[in-house]
Amino acid sequence: MDALVNKRIKQVLKGDQNAYADIVNLYQHKLYQVCYRMLGNKQEAEDIAQEAFVRAYINLHSYDQKRKFSTWIYRIATNLCIDRIRKKKPDYYLDAEVAGTDGLDMYSQIAADEQLPEEAVEQMELQDRIQYEISRLPDKYRSVIVLKYIEELSLQEISEILDMPLGTVKTRIHRGREALRKQLNNL
């Protein structure tokens, strides 16, 4: 896949703008997922993912093709997410009641699996609680926890995305896990 991406990047740098669409198609879903896990909001995640692709396109000339493109674009998106989180503290919560409904909250908008309704509700409540608790983590722990456990990236990739030493990544993952464990202790 890296060879295909590098081929498309060379085409884009030669002036073929349509080749960038192939790159976007390869990474749009995973990049959106990273943004969604960090921001917890569909619209903001879509905006940030789109902004990451735009910035990557504008700065494609500075991309080092000896490195993985996914690491570079994840780093751009992660930095944009962190900036968004810092600039805008949440003014709504997913567990807040939706106006004009009878006790429904935003969690009720999440699509259910083909499980039994009781199992689906339990699973959804657990996932929502974990996502909520992750969103309560400090920024420096939230980003490494999302990249490690939700996106399943290697420690080295996380180190490159966040531009920090490997030891710092390990420490933040450990501390983030401990903080999450304390938050989830009453489950």
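The condition of being part of a helix (DSSP H, G or I) and within 21 Å of Leu137 (Cβ to Cβ) holds for Arg84.
The set of residues from the range 148-187 being open to solvent by 40 Å² or more (accessible area, probe 1.4 Å), within 19 Å of the chain's Cα centre (by Cα) and at pLDDT below 90 comprises Tyr149, Ile150, Glu152. Taken as a whole, the range 16-35 holds at least one residue that is within 16 Å of the chain's Cα centre (by Cα) and polar (S, T, N, Q). Scanning the range 11-21 for residues being open to solvent by 60 Å² or more (accessible area, probe 1.4 Å), free of Cβ contacts under 8 Å to residues at least 24 places away in the same chain and part of a helix (DSSP H, G or I) gives a total of 0. Scanning the range 67-81 for residues that are among the basic types (Lys, Arg) and assigned to a helix (DSSP H, G or I) yields a single hit, Arg75. Once the range 106-122 is narrowed to residues that are open to solvent by less than 80 Å² (accessible area, probe 1.4 Å) and over 24 Å from Tyr27 (Cα atoms), the residue that is modelled with the highest pLDDT is Val121. Note on the range 32-66: among residues that are surrounded by 13 or more Cβ atoms within 10 Å (Cβ to Cβ) and outside any helix (DSSP H, G or I), the one that is modelled with the lowest pLDDT is Gln65.
The values are calculated or read from the model by the stated rules, or taken from the named source; none is laboratory data. Keep in mind the model is a prediction, meaning the values are calculated, not measured. Cβ sites come from the backbone with ideal geometry, for glycine too, and all protein chains shown count toward neighbours. Side chains are part of the model used for accessible areas, which takes the heavy atoms of the whole protein and leaves out ligands, DNA and RNA. Shrake-Rupley method; radii C 1.70, N 1.55, O 1.52, S 1.80 Å.
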